[in-house]
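The values are calculated or read from the model by the stated rules, or taken from the named source; none is laboratory data. Predicted model only: the values in this text are computed from it and were never measured. Note that we place each Cβ from the backbone using ideal geometry, even for glycine, and neighbour counts take in every protein chain shown. Note: areas computed on protein heavy atoms with side chains; ligands, DNA, RNA excluded. Shrake-Rupley method; radii C 1.70, N 1.55, O 1.52, S 1.80 Å.
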Amino acid sequence: MGSRPYGRRGRRLARCAAALLVAGVAVPAAASASDGGKGTDGSARASVAQQLRGPAKAKNVILLIGDGMGDSEITLARDYTVGAAGRLNMDKFPMTGAYTTYSVDKNGKPDYVTDSAASGTGWATGRKTVNGRISKTPGTDKPMTTILELAQRNGLATGSVTTAELTDATPAVLASHATDRSCQGPADMKECPNDTIARGGPGSIAEQSVNHKVDVLLGGGKQRFDQKITEGRYKGLTVTQQAEKLGYQVVTDAKGLGSARAGKPVLGLFAPGNIPVEWTGKAAAVGGTAPQRCSTSNPERKAGTPGLEEQTRRAIQLLERKQKGKNGFFLQVEGASIDKRDHAADPCGQIGETAALDRAVKVARDYAAKHPDTLVVTTADHGHTSQIVPLEATPPGLSSTLVTNEGQQLKVNYSTNTPGKSQEHTGTEVRIAAQGPQAERVLGVTDQTELFTTVRKALSLR
């Protein structure tokens, strides 16, 4: 056996010191690993641990998901908006690592490129599943308990905010169980025959979401909730009417969201489908585009549509007031159309949605600064296609040249599918960053499913 220069205590201290170096935090000399953990300044060692963890237990968790927001997407938004040497809000977390995102086939073997349903199921349940499935097992198609369900059982308030339809894959994994992600409303159940109410199932994703009585549901997808229910207790009603029967306040714009009362659940439906993106510009093209600046407006975005930052701030207020300082809350926030505009090879739409999520990150971090018993995590569900390439490059696929806020030109390439087809996800690991209780668990390279355990441990959920 090799020599042991320091014992368990020293090894723990070494890990703390290494983590603080990763985080950019100075390690007190008295707490360095080289003294074998036997330095005389015990308070310094305690300080290191405190800087790493903050409070031992979280009262609240805010999880921010950039759909399709790999390192390339983050870098593109950074370069365009704050400059190559600048830093986004999501760059400023004290703990940063990476996690793997693969899904599995029905036999549990790796499927190296995940979709949003399987990846969301990973952090929602702590277990992997097949692409397209919502919080159900890969082989036997059985429901798996989600982190939101555990939070509810433990008396926490819960919320889900998205710029997609509320029935889209990422929000769906928290409060529903479906054989296929397409089963969003009562009229969309073709791929989920065993999930229908007539067969003793829970119904569509929209029906399940309101049946779960999630305290705050904000996003798009009004068209799903306007579908009529054809089976069961609420037959003949729309899902929106079902929600109202269950006590929901239904709001459709920023004014309604602002006037919603705390203590009653809120269903915000701000668009028929996905909420229109904030920025617009020319999509990438074969042979590239002329250098362009992005427009920070979108005529398709209806006046009174709350931004992701506003939705996040209001969701936190409603959840906090509902609990009246007693139990805490779990909130998931998704910037969904980073992914959707990546699929469409639309760099301006993609950058604008990344910037919108970054502002929501600031809302969460500002809240945590005043409430240090809040764990804030930001990550992605999977990587995507966009790549920054040299200006002189001639990619075989789609590309666009942008003029950044620094006045420099930047070329972005989309080549994960044939031009004219939707661009594809990639199987790369993605960033995960955190602050607050249990934040150190994101350091190094972990797997997506471990995020479930991090949140569960932080909130002490049983």
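Cα atoms only, the chain: Rg and Dmax in Å?
22.6, 74
Leaving out ligands, DNA and RNA, and with a 1.4 Å probe, what % of the accessible surface on the range 181-290 is carbon or sulfur?
Carbon and sulfur: 49 percent of the exposed surface of the range 181-290.
If packing is taken as the average number of other Cβ atoms within 10 Å across a peptide's residues, how do 87-97, 209-219 rank, most packed first?
Going by the mean number of other Cβ atoms within 10 Å, highest first, we get 209-219, 87-97.
When ranked by the protection proxy of mean other Cβ atoms within 10 Å per residue, highest first, what sequence do the peptides 233-242, 358-367 form?
Order by mean packing, descending: 358-367, 233-242.
Over every pair of different alpha-carbon atoms in the range 217-306, take the mean of 1/r and invert it; report that Kirkwood radius in Å.
15.5 Å
Search the structure for amide H atoms under 5 Å from the amide H of residue 160, placed 1.01 Å from N in the peptide plane, and list their residues when 5 or more places away or on another chain.
Distant-sequence amide H within range of residue 160: 216, 217, 218, 332.
Rounded to a whole number of µm²/s, how large is the Stokes-Einstein D of the range 118-263 at 20 °C and 1.002 mPa s, given Rh as the Kirkwood radius over C-alpha pairs?
Translational D for this selection: 140 µm²/s.
Sorted by average packing, counted as other Cβ atoms within 10 angstrom per residue and highest first, what order do 373-383, 106-116 take?
The peptides rank, most packed first, as 373-383, 106-116.
When the helices in the chain are scored as -39500 (n - 2.57) per DSSP H run of 4 or longer and the sum is shared across all residues, what 222 nm value do you end up with, to the nearest 500 deg cm²/dmol?
-9500 deg cm²/dmol
Could you state the number of Å between the C-alpha centres of the range 158-173 and the range 246-311?
One Cα centre to the other: 14 Å.
Starting from the coordinates of the alpha-carbon atoms of the range 272-383, obtain the Kirkwood hydrodynamic radius over all distinct pairs and give the value in Å to one decimal.
It is 15.8 Å.
Mind scanning 92/411; 282/370; 142/370 and naming the pairs with a C-alpha gap bigger than 31 Å?
Those over the limit are 282/370; 142/370.
When DSSP assigns beta bridges and you keep just the ones with both residues in the chain, what percent turn out antiparallel, to the nearest 5?
Beta bridges within the chain, antiparallel portion: roughly 45 percent.
Run the dipole for the chain about the Cα centre, Lys and Arg Cβ at +1, Asp and Glu Cβ at -1, nothing else charged, and hand back the magnitude in debye, nearest 20.
Here the size comes out at about 1980 debye.
Mind checking the range 174-256 for GluC sites (Glu not before Pro) that DSSP puts in a loop (not H, G, I, E or B) and that have at most 16 other Cβ atoms within 10 Å?
191, 231
Evaluate the relative contact order of the chain (contact order divided by residue number), counting alpha-carbon pairs under 8 angstrom at least 6 apart; express in whole percent.
Computed over the chain, the figure is 25 percent.
Could you list which residues have their amide H under 5 Å from that of residue 399, counting only those 5 or more apart in sequence or on another chain, with H placed in the peptide plane?
285, 286, 287, 288, 414
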